[in-house]
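These notes are about the structure you will find just below.
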Amino acid sequence: MKIKFKTVLLVHRNEQKIQNLSAELIRKGFFIITERTGTAALKILRRANIDLVISSGVFQDMQPKKFLTEIQFLGYIDKTIYISGEESIEDFFQFGSLGLHRYAPSNISPSNLLASVQEFFEDLEGFFLHPKNKKSSHHSSVAFLEQNRKKLNLTNMAAPEKRSQLCL
């Protein structure tokens, strides 16, 4: 039986953050590729088969929306965990409209990131085993934002009636 390692592309402009986050993932058996710029990350995504992208989206060479639009075009948006920075709630709804539904706070610990990665792969396996159980991505992302708005520094959450207007 051939064992396939899960390949994770970790993109962050802070080298110390890359080292801290990747160390925990490596210990758990993931193959990690790291990059510090959006341009370099996109080159890898065009050439390699990546199972999961973890990205801060905050780079000197590219705006988050442009980076995420490129990831969507390449077919990786549903395989991305976005580490939030100083985004507004409107930014998150725009990212959600691109298909991005997995977020992590900027101060995520390596162990919590590992839990998010493991949850991603469990959800992926569960989807293929039980595709009828897949939840609506819009409703799950809104629920996630509501549950995690303090962690994500989203202090200006829109009221429920305005939220539907933002998504249009």
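Bear in mind that the values in this text are calculations on the coordinates, not laboratory data. Small disclaimer: the values here were computed from a predicted structure and weren't measured. Note: ideal-geometry Cβ built from the backbone for every residue, glycine included; neighbour counts use all protein chains shown.
Conditions tested, residue by residue: (1) surrounded by fewer than 18 Cβ atoms within 10 Å (Cβ to Cβ); (2) of a type in the set (Ser, Thr, Tyr).
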| residue | (1), (2) |
| --- | --- |
| Glu15 | yes, no |
| Gly29 | yes, no |
| Ala40 | yes, no |
| Ala48 | yes, no |
| Leu52 | no, no |
| Gly57 | no, no |
| Thr69 | yes, yes |
| Ile81 | no, no |
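Gln63 meets the conditions (1) within 17 Å of Leu113 (Cα to Cα); (2) surrounded by fewer than 20 Cβ atoms within 10 Å (Cβ to Cβ) in every case but one. The failed one is (1). Does Asp61 fit the bill of being closer than 18 Å to Glu35 by Cα, among the charged types (D, E, K, R) and touching a strand residue (DSSP E or B) at 6+ places or on another chain (Cβ under 7 Å)? No, not satisfied.
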